[in-house]
Amino acid sequence: MKMERIVILGAGFAGLYTALNLGKKFQNKKIVVINKNNYFLFTPLLHEVATGAQNRHNITFEIRKILKDRLFEFYKAEIKRIDFSQKKVFFDNSSIDYDKLIIAIGSRASYNIKGAREYSFPLKDIQDSIKIKNKIIDSMEKASVSSSQEEIEKLTTFIVMGGGPTGVELSAEISQLLKEILPYYPKLNKVKIHLIQRNQKVMPELLHDRCIQLTLKELKKKNVNVLVNSEVREILEDRVILNNQITIKTFNKFLTAGVIPNTIPAIPKLTDDHGFYKVNEFFEVENIKNVYAIGDCALNYNPGNDKPNPKLAQLAVKQAKHLAKNLYLEGKNKKKIPFIFKPDGFLVSVGSWWAIAEVKNKLIKGKFAWWLWRTIYLSKIIGVKNKIRIGIEWFILLFSKRDASAV
């Protein structure tokens with residue numbers, strides 16, 4: 001009897017955790033994972049790599065080591081197209097048939113601001129974090145030898161566009177890095193950091209007003225100037241133009257605002273005009289059988305809610321576990337369970353030694369929240385050796401300065 005083949009496209013939080021959960025439930029299925037990289041990226045710590053607080057090798061984990069069970073097959077490949085009518089996925093110079101297909105291809109930076117693609121740095125993958133770190137260090141080096149005061153100001157002004165959790169964490173960590181390295185540049189006496197948010201609040205979907213106010217207070221202590229109700233209209237080589245007639249001159253523009261789903265050409269086309277797959281409460285893609293979509297590329301709603309669930313790692317992990325359970329129930333001819341997203345809470349680090357958290361409607365802030373943030377993220381790292389490696393790195397950083405070398 002032919003073994004059923006489940007093909008998973010993508011190996012981020014949604015795709016990889018689906019594979020791992022399926023591996024726990026099935027011993028008679030072939031699980032195939034296709035991803036363009038041969039590593040899993042722990043994206044919640046990208047901002048630390050971008051600011052010298054974490055080694056880039058500590059947040060990338062080899063997929064083949066993770067999926068080492070005989071049930072799994074892994075292909076490092078670029079997915080070219082999907083033919084749903086033939087139940088076939090085409091990649092590089094090959095193809096594979098599927099019985100069930102799980103699309104978890106994630107998202108990418110949205111360059112919907114004029115000049116963003118040419119003059120800003122996104123933070124979505126490991127290469128982005130390295131580029132951001134290099135940009136920060138190179139700007140400080142250039143400023144230290146410049147004879148033009150105007151150029152120095154542009155080089156020592158840093159803008160983070162997007163007031164979501166990533167923007168808040170990145171701006172706070174940039175402040176921490178610059179605070180540590182500024183004494184090494186005696187010619188430079190100050191830097192400026194701006195966090196730009198087009199809404200009236202930072203992180204409005206995640207935190208209540210009290211948490212937001214405490215976050216703003218901490219950012220102010222860390223010399224981060226938060227500009228709310230400020231939409232970026234255009235990004236130029238040496239400045240950013242806002243909607244309220246404000247122009248900020250800078251060579252350092254980092255983009256954390258907005259993502260769009262990754263897309264794959266398909267027959268027939270099943271995504272909406274924005275590239276999202278519309279799914280029901282079981283993650284089944286509309287108008288097709290045995291095809292599921294989860295993570296950033298899918299629009300998933302809680303019952304009665306007209307806003308899609310937020311694009312978070314914890315959502316992707318919960319979706320992955322739930323989908324694997326429903327596929328198991330389906331195989332046993334049992335009733336599937338609708339998915340309802342219930343967040344465990346929200347944790348946001350605002351630089352070293354301070355974080356804000358909402359856990360079961362309780363507010364936690366300061367050093368304890370920061371330790372809690374560290375502990376929870378460490379618990380989610382895959383593999384005991386990897387947990388130890390990152391834990392050691394964090395411990396060393398408590399007694400030493402960040403890595404400020406450009407590579």
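The values are calculated or read from the model by the stated rules, or taken from the named source; none is laboratory data. What you are looking at is a predicted structure, and each value in this text was computed from that prediction instead of being measured. Note: ideal-geometry Cβ built from the backbone for every residue, glycine included; neighbour counts use all protein chains shown.
The set of residues from segment 205-228 being modelled with pLDDT of 95 or more and over 17 Å from Gly366 (Cβ atoms) comprises Asn223, Val224, Asn225, Val226, Leu227, Val228.
When Leu195 is tested against (1) farther than 30 Å from Asp296 by Cα; (2) within 23 Å of the chain's Cα centre (by Cα), just one condition goes unmet, and that condition is (1). Among the residues of segment 342-352, is any within 24 Å of Ile31 (Cβ to Cβ), surrounded by 15 or more Cβ atoms within 10 Å (Cβ to Cβ) and not small (Gly, Ala, Ser)? No; the residues of segment 342-352 include none that is within 24 Å of Ile31 (Cβ to Cβ), surrounded by 15 or more Cβ atoms within 10 Å (Cβ to Cβ) and not small (Gly, Ala, Ser). Close Cβ contacts (under 8 Å, 6 or more residues apart or on different chains) running from residues in segment 1-23 that are part of a loop (DSSP other than H, G, I, E, B) to residues that are among the hydroxyl-bearing types (Ser, Thr, Tyr) comprise Gly12/Thr43. Of the residues making up segment 283-299, at least one is under 23 Å from Leu207 (Cβ atoms), in a helix (DSSP H, G or I) and at pLDDT 95 or above. Determine whether Ile246 is more than 30 Å from Lys365 (Cα to Cα), modelled with pLDDT under 95, surrounded by fewer than 21 Cβ atoms within 10 Å (Cβ to Cβ) and not aromatic (Phe, Trp, Tyr). Against the criterion (more than 30 Å from Lys365 (Cα to Cα), modelled with pLDDT under 95, surrounded by fewer than 21 Cβ atoms within 10 Å (Cβ to Cβ) and not aromatic (Phe, Trp, Tyr)), Ile246 qualifies. Residues considered: Ile260, Ile288. Of these, the only one that is of a type in the set (A, V, I, L, M, F, W, C) and either under 24 Å from the mean Cα position of the chain (by Cα) or under 30 Å from Glu173 (Cβ atoms) (or both) is Ile260.
Screening the candidates Lys135, Lys142 for the property of being in contact with a strand residue (DSSP E or B) (Cβ under 7 Å, 6 or more places away or on another chain), surrounded by fewer than 20 Cβ atoms within 10 Å (Cβ to Cβ) and at pLDDT 95 or above yields one hit, Lys135.
Of the residues making up segment 366-385, those that are surrounded by 19 or more Cβ atoms within 10 Å (Cβ to Cβ) and either over 19 Å from Gln314 (Cβ atoms) or in contact with a Lys or Arg (Cβ under 8 Å, 6 or more places away or on another chain) (or both) number 1. Scanning segment 382-403 for residues being modelled with pLDDT of 90 or more and either among the acidic types (Asp, Glu) or in a loop (DSSP other than H, G, I, E, B) (or both) gives a total of 1. Within segment 168-189, can one find any residue that is more than 20 Å from Ser352 (Cβ to Cβ), surrounded by fewer than 21 Cβ atoms within 10 Å (Cβ to Cβ) and charged (D, E, K, R)? For segment 168-189, residues more than 20 Å from Ser352 (Cβ to Cβ), surrounded by fewer than 21 Cβ atoms within 10 Å (Cβ to Cβ) and charged (D, E, K, R): present.
Cβ-Cβ contacts under 9 Å between residues 6 or more apart (or on different chains), taken from a first residue in segment 210-237 that is in contact (Cβ under 8 Å) with a residue 24 or more places away in the chain and under 17 Å from Gln200 (Cβ atoms) to a second residue that is charged (D, E, K, R) and part of a loop (DSSP other than H, G, I, E, B), are listed as Val228/Arg198; Val228/Lys201; Asn229/Arg198; Ser230/Arg198; Glu231/Arg198; Val232/Arg198.
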